[in-house]
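Undergrad: Please find one structure pasted underneath; my questions will follow.
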């Protein structure tokens with residue numbers, strides 16, 4: 001077994017709490033670590049470190065599910081810390097806090113292998129997501145107190161939020177109600193072109209609106225918090241691309257810009273004890289998905305984490321449907337169809353791909369990739385080998401069946417989510433166990449699959465959902481809703497929901513909703529709620545088993 005060598009960051013000329021820019025020193029340490037034989041740990045002395053926006057590593061790269069501006073353009077991402085084409089490195093913060101000043105991607109792990117990040121706290125003193133609390137309502141106006149971490153300037157009645165290297169005056173809003181603990185998407189002042197702003201006193205803004213002077217158009221009440229952001233996804237929190245063997249252990253992140261942790265075309269990712277939650281009195285910790293995985297392989301394990309204050313889904317795991325545009329013999333030209341996903345490749349010789357009917361979402365045939373050549377960021381030329389290549393016809397979709405991970409999501413807390421707690425579509429084994437879902441606005445778990453909207457692919461064949469707790473949610477605990485337009489057979493199979501403790505609320509009495517699924521069981525769960533009846537709905541589902549559930553009222557099973 002190789003002995004782990006250690007490098008101490010202080011030996012490179014930086015000490016904690018000295019205010020220097022950590023980035024160049026850490027860059028030098030990573031270069032030296034890679035030059036050493038065998039695994040190497042870079043160790044930080046406990047304390048506070050700073051990274052500033054004026055000295056960052058830059059790299060052009062396409063990122064899945066990201067708005068890159070003009071179609072086909074790469075964006076130059078700016079990385080505070082970059083691991084590029086390196087291997088066998090551990091970055092151990094020993095409990096230290098790294099403060100990121102400005103808009104940037106906090107960590108990049110590109111084309112690397114066996115990288116571990118552990119024992120660190122990430123803080124952003126001035127997040128790109130700004131917050132203000134409603135303190136008074138008047139005729140035609142709201143008074144709001146701005147969070148001290150949010151910087152603003154007002155010119156000619158219009159507001160601009162800004163930081164070290166960013167500024168925005170238009171965007172999207174969410175509302176957070178501290179009494180209910182719920183967060184939801186809402187039309188807000190950043191979308192309102194007629195809003196007029198003025199500063200009443202330092203940190204207190206009066207926001208004038210048009211229309212009914214007794215009814216503000218934003219749905220905000222005294223005590224509600226506006227969470228406002230620029231939706232342009234030019235950076236993210238941690239980007240993992242074409243990497244293998246990535247581990248995050250005991251990391252605390254208090255804010256991530258736009259897409260949080262995002263992994264694409266990577267293999268074997270282990271996340272243990274990750275906490276993403278706001279600090280310093282803020283209410284949001286990420287301005288989009290917290291954990292997003294696209295086209296990954298091997299294993300994904302997410303356990304013992306705590307995720308609070310997202311602006312989109314907490315966990316999203318999927319593949320991608322590409323459309324066949326042309327076929328010539330054994331070669332097909334396939335195309336990324338969604339405006340936010342392209343240029344990410346994802347096909348390798350030896351991969352198994354499937355032809356998928358976009359209307360039924362059923363697999364028509366499989367083949368082996370002989371070669372893959374990118375013709376443009378949008379299009380890829382595949383040469384295939386197989387016995388049923390006639391099924392790979394123009395208009396059909398192609399999914400990479402090899403780029404589908406086994407998934408374990410265990411022992412986590414998901415709270416204050418405006419959309420869904422977990423989205424997962426992969427045909428390999430999925431275990432969702434012993435998690436706690438609190439105040440998730442939509443549904444706790446969504447199993448979808450589509451070839452017309454987000455093009456996020458994956459039928460499930462082995463899913464176990466057990467021992468979870470669901471409280472004060474705004475929708476069903478589990479939805480199995482493939483987006484097929486024609487029914488020609490089940491899209492999903494073998495889903496077991498057992499031993500869960502589920503609470504429903506009046507107006508949201510549907511606990512489980514499933515369609516186009518075969519072999520689905522809802523057994524031995526404990527149900528409670530504000531009403532005397534709750535529902536399970538099944539449409540075009542076969543081999544449904546509902547038994548052994550505990551509920552004081554009436555459990556109604558609806559088969560459509």
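The values are calculated or read from the model by the stated rules, or taken from the named source; none is laboratory data. Bear in mind that the values here come from a model prediction, so they are computed numbers and not experimental data. Note: ideal-geometry Cβ built from the backbone for every residue, glycine included; neighbour counts use all protein chains shown.
Undergrad: Check region 329-343 and report whether any residue there is part of a strand (DSSP E or B), touching a residue at least 60 places away in the same chain (Cβ under 8 Å) and surrounded by fewer than 23 Cβ atoms within 10 Å (Cβ to Cβ).
TA: no
Undergrad: For residue 121, are the conditions met, namely being over 20 Å from the mean Cα position of the chain (by Cα) and in the same structural domain as residue 241 (by TED's automatic domain parsing)?
TA: Here the answer is no, as residue 121 does not meet what is asked.
Undergrad: Here's something else I'd like to know. Just checking, how many residues over region 232-261 are under 14 Å from the mean Cα position of the chain (by Cα) and in a loop (DSSP other than H, G, I, E, B)?
TA: Result for region 232-261: 9.
Undergrad: Can you pull out every residue in region 166-206 that is more than 19 Å from residue 218 (Cα to Cα) and more than 24 Å from the chain's Cα centre (by Cα)?
TA: Residues satisfying the conditions are 199, 200, 201, 202, 203.
Undergrad: Moving on to the next point. Write out, first by first residue and then by second, each pair whose Cβ atoms fall under 6 Å of each other, whose residues are 6+ apart or on separate chains, and whose first residue, in region 350-367, is outside the structural domain of residue 335 (by TED's automatic domain parsing) and surrounded by 19 or more Cβ atoms within 10 Å (Cβ to Cβ) while the second is at pLDDT 95 or above and part of a loop (DSSP other than H, G, I, E, B).
TA: Cβ pairs passing all conditions: none.
Undergrad: Further question on the same structure: So, in region 522-558, exactly how many residues are surrounded by 12 or more Cβ atoms within 10 Å (Cβ to Cβ) and within 21 Å of residue 472 (Cα to Cα)?
TA: Selection size over region 522-558: 18.
Undergrad: With respect to residue 172, determine if the residue is at pLDDT below 95 and either surrounded by 17 or more Cβ atoms within 10 Å (Cβ to Cβ) or on the phi > 0 side of the Ramachandran plot (or both).
TA: Criteria met by residue 172.
Undergrad: Report yes if some residue within region 44-59 is within 30 Å of residue 322 (Cβ to Cβ), in contact with a strand residue (DSSP E or B) (Cβ under 9 Å, 6 or more places away or on another chain) and outside the structural domain of residue 341 (by TED's automatic domain parsing); otherwise report no.
TA: Within region 44-59 (the criterion being within 30 Å of residue 322 (Cβ to Cβ), in contact with a strand residue (DSSP E or B) (Cβ under 9 Å, 6 or more places away or on another chain) and outside the structural domain of residue 341 (by TED's automatic domain parsing)), the answer is yes, since at least one residue qualifies.
Undergrad: Scan region 97-111 and tell me whether some residue there is within 25 Å of residue 296 (Cβ to Cβ) and surrounded by fewer than 23 Cβ atoms within 10 Å (Cβ to Cβ).
TA: Within region 97-111 (the criterion being within 25 Å of residue 296 (Cβ to Cβ) and surrounded by fewer than 23 Cβ atoms within 10 Å (Cβ to Cβ)), the answer is yes, since at least one residue qualifies.
Undergrad: Let me ask something additional. Hey, among the residues in region 528-539 that are part of a strand (DSSP E or B) and either over 29 Å from the mean Cα position of the chain (by Cα) or free of Cβ contacts under 8 Å to residues at least 12 places away in the same chain (or both), which one's nearest to residue 485 (Cα to Cα)?
TA: Restricting to residues being part of a strand (DSSP E or B) and either over 29 Å from the mean Cα position of the chain (by Cα) or free of Cβ contacts under 8 Å to residues at least 12 places away in the same chain (or both), the top hit is 535.
Undergrad: Test of understanding: among 432, 445, which residue is outside the structural domain of residue 359 (by TED's automatic domain parsing), touching a strand residue (DSSP E or B) at 6+ places or on another chain (Cβ under 7 Å) and within 18 Å of residue 319 (Cα to Cα)?
TA: Testing whether each residue is outside the structural domain of residue 359 (by TED's automatic domain parsing), touching a strand residue (DSSP E or B) at 6+ places or on another chain (Cβ under 7 Å) and within 18 Å of residue 319 (Cα to Cα) leaves just 445.
Undergrad: A further question on this structure: Every residue in region 179-203 that is closer than 30 Å to residue 471 by Cα and surrounded by 18 or more Cβ atoms within 10 Å (Cβ to Cβ), please.
TA: Scanning region 179-203 gives 182, 183, 186, 188.
Undergrad: Let me ask you something else. Please pick out the residue among 224, 152, 176, 232 that is out of contact with any strand residue (DSSP E or B) (no Cβ under 7 Å at 6 or more places or on another chain) and in contact (Cβ under 8 Å) with a residue 12 or more places away in the chain.
TA: 232
Each row is one residue, and each column tells you yes or no for (1) surrounded by fewer than 22 Cβ atoms within 10 Å (Cβ to Cβ); (2) touching a strand residue (DSSP E or B) at 6+ places or on another chain (Cβ under 7 Å); (3) in a strand (DSSP E or B).
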position	(1), (2), (3)
407	no, yes, yes
420	no, yes, no
428	yes, yes, no
449	no, yes, no
452	yes, no, no
460	no, yes, no
479	yes, yes, yes
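Undergrad: Sort out which residues of region 301-312 are crowded, with 24+ Cβ neighbours inside 10 Å and in a loop (DSSP other than H, G, I, E, B), and write them in order of number.
TA: Once the filter is applied, which keeps residues that are crowded, with 24+ Cβ neighbours inside 10 Å and in a loop (DSSP other than H, G, I, E, B), region 301-312 yields 305, 309, 310, 311.
Undergrad: Of the conditions (1) crowded, with 19+ Cβ neighbours inside 10 Å; (2) free of Cβ contacts under 8 Å to residues at least 60 places away in the same chain, residue 456 clears all except one; give me its number.
TA: Every listed condition holds for residue 456 apart from (2).
Undergrad: Right, something else. Just to be sure I understand, how many residues within region 493-503 are surrounded by 24 or more Cβ atoms within 10 Å (Cβ to Cβ) and either out of contact with any strand residue (DSSP E or B) (no Cβ under 7 Å at 6 or more places or on another chain) or part of a strand (DSSP E or B) (or both)?
TA: Residues meeting the conditions: 3.
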